[in-house]
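For reference, the structure is listed below as structure tokens.
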Amino acid sequence: MVMLNNIEIFPWNENFATGIATIDSQHRKLIALLNTLVNHMAFQVEEPTINKIFDELSDYAAVHFQTEEAIWHQHLQGDVWELEHQAAHTDFVTQVMQLKSEEGTKPLDEVIEGIVTFLTHWLALHIIESDKRMAKVVLALPAAGSLAQAKIMADDAMSGATRALIETVISMYDKMANHTVRMTREIYKRKQTEQELRDAHEELRAAKEQAEVANRSKSEFLATISHELRTPLQGLLGFAELLALGNISENERMECASYIYNSGKSLVELIDEILGHAKLEAGKMALTMSVCQPGQLLSDVAALFAKTVQKKGLASVQTWTGLQGQSYEMDAVRVRQMLGNLISNAIKFTTTGTIEVKAEEIERANDEAVLRFSVTDTGHGIKPEFQPLLFQRFEQVNSALTQKGGGSGLGLSIVKGLATLMGGTVGLTSQENRGTTVWFSIRAKVDRVQGPES
């Protein structure tokens, strides 16, 4: 159902017109303000500032009263009607000041309602009644010949049917204004409440769907973690059992020890990932800052994977595009961990080609820089439908790639969490069968040039 959100409770018509253009144009401005306030009361939209309201009323009093009183004074100088009209203008200012004094003691809507009530009566009793009477005197003077005769003619024009019409208009506007505003406000509030209920229902539905997705994702995550924990545990138990038998050769004993060591190492890495994710989720991950050079950091991380890269027949490239010898203050341990996660994934899903690790300074303001680290592989790439999920917690375990390569699926989620903690962000670009680039940025304090990097 379409609901009106604008009403003109006081449309300008001949009932307001005095016949003097200058006065009527200023009356129109006051009526426009009154209609604006009525619409706010009815629809609670475009709330005017209280200062603006009183500024407009002050401008009306200053400009309009001066203009109007100059016209009355020119034709009714010293007459009692002129003096009574001036007194009404003075009372207007007094009433406005009284309303303004309530600003700090009443809610804004109550102050506005008080202004509307006051202006409605001013419109009916002063503009329609008094101003029109004074205007009729001014307009009748040329034909009347005297002020007294003009006043009689004005009284005659304001009596009888005309007077009855004005009284009817006064009553109609006064009652209709209050009734219409209240009725419109109630209808609007009802529609507003209905819309809020619909919005709340939609939010609940969306929250329910998100909760269901999260529960499914967590269940899948637990299943994956259970599988990843069970594999190295079974290796530990199996090879420990072989060692316990005692009737194996020295070479077999060494092989068993190697398998046990590697299985234990896999377990530690997996538990570290789970604990790291838990700390990030709880907001308890603390950064340990130190000064380091990005180029050296890349070399250190690449060295950890050198044997694995060599074993798969891949090439390895490290590139620092910034100033040689430039140092930065950052949590180097966490940055190495983040790069390690990305390099490990790149190696896992690349069968031929190159693993390129790159660091660059992309922005600097005073002594703070934004550093971007990226790992590019020449693997089979990531399908577009999987790309939005990779940095989301738990969601990435749904990817066929993760299931194929193994792992908890938390690595990229941890990278994202750490990047955010360091004031940066993450992203990736990938094309099927052409490779993938995964990157993260961090904010780091610029240190000093320490000399050429090794």
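The values are calculated or read from the model by the stated rules, or taken from the named source; none is laboratory data. Keep in mind that what you see is a predicted model, and the values were worked out from it rather than measured. So basically every Cβ, Gly included, is an ideal-geometry build from the backbone, and we count neighbours across all protein chains shown. Calculation scope for accessible area: heavy atoms of the full protein, side chains included, ligands and nucleic acids excluded. Shrake-Rupley method; radii C 1.70, N 1.55, O 1.52, S 1.80 Å.
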TODO: May I ask you to list the residues in segment 95-122 that are open to solvent by 60 Å² or more (accessible area, probe 1.4 Å), touching a Phe, Trp or Tyr at 6+ places or on another chain (Cβ under 7 Å) and within 11 Å of ILE53 (Cβ to Cβ)?
DONE: LYS100
Task: Hey, ASP156 modelled with pLDDT under 90, open to solvent by less than 10 Å² (accessible area, probe 1.4 Å) and charged (D, E, K, R) or not - done: no
- [ ] Determine whether segment 208-231 contains at least one residue that is at pLDDT below 80, closer than 30 Å to HIS126 by Cβ and among the acidic types (Asp, Glu).
- [x] no
Open item on the list: I'd like to check something: does segment 133-148 contain any residue that is in contact with a Pro (Cβ under 9 Å, 6 or more places away or on another chain) and either more than 20 Å from GLY78 (Cβ to Cβ) or open to solvent by less than 60 Å² (accessible area, probe 1.4 Å) (or both)?
Closed with: no
Task: From the options SER249, SER219, SER266, SER290, residue that is without any contact (Cβ under 8 Å) to a residue 60 or more places away in the chain, under 38 Å from the mean Cα position of the chain (by Cα) and open to solvent by less than 70 Å² (accessible area, probe 1.4 Å) - done: SER290
TODO: Select from segment 341-388 the residues that are among the polar types (S, T, N, Q) and open to solvent by 30 Å² or more (accessible area, probe 1.4 Å) and list them in ascending order.
DONE: SER344, ASN345, THR351, THR352, THR354, ASN366, THR376, THR378, GLN387
Open item on the list: Where the second residue is open to solvent by less than 70 Å² (accessible area, probe 1.4 Å) and small (Gly, Ala, Ser) and the first is in a helix (DSSP H, G or I) and lies in segment 186-215, which pairs have Cβ atoms under 9 Å and are six or more apart or on separate chains?
Closed with: ILE187/ALA42; TYR188/ALA42
- [ ] Please note which helices (runs of 4 or more DSSP H) are completely contained in segment 80-159 and include at least 2 residues that are more than 44 Å from the chain's Cα centre (by Cα).
- [x] 80-101, 132-144, 147-158
TODO: Any chance you could count how many residues in segment 368-394 are among the hydroxyl-bearing types (Ser, Thr, Tyr) and within 27 Å of the chain's Cα centre (by Cα)?
DONE: 0
Open item on the list: Among (1) modelled with pLDDT of 85 or more; (2) exposed (fewer than 15 other Cβ atoms within 10 Å of the Cβ), there is one condition ARG163 misses while meeting the rest; what is its number?
Closed with: (1)
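Rundown of residues vs (1) modelled with pLDDT of 90 or more; (2) under 24 Å from GLN392 (Cβ atoms); (3) not basic (Lys, Arg), yes/no style:
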| position | (1), (2), (3) |
| --- | --- |
| ASN262 | no, no, yes |
| LYS311 | yes, no, no |
| LEU314 | yes, no, yes |
| ALA332 | yes, no, yes |
| ARG336 | yes, yes, no |
| GLU368 | yes, no, yes |
- [ ] From (1) open to solvent by 80 Å² or more (accessible area, probe 1.4 Å); (2) part of a loop (DSSP other than H, G, I, E, B); (3) modelled with pLDDT of 75 or more, pick out the condition that doesn't hold for THR18.
- [x] (1)
Task: Breaking point among (1) within 19 Å of GLY423 (Cα to Cα); (2) open to solvent by 10 Å² or more (accessible area, probe 1.4 Å), for ALA332 - done: (2)
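Just for segment 123-132: of the residues that are touching a residue at least 60 places away in the same chain (Cβ under 8 Å) and within 15 Å of ALA87 (Cα to Cα), which one is surrounded by the fewest Cβ atoms within 10 Å (Cβ to Cβ)?
Once the filter is applied, the top-ranked residue is ILE127.
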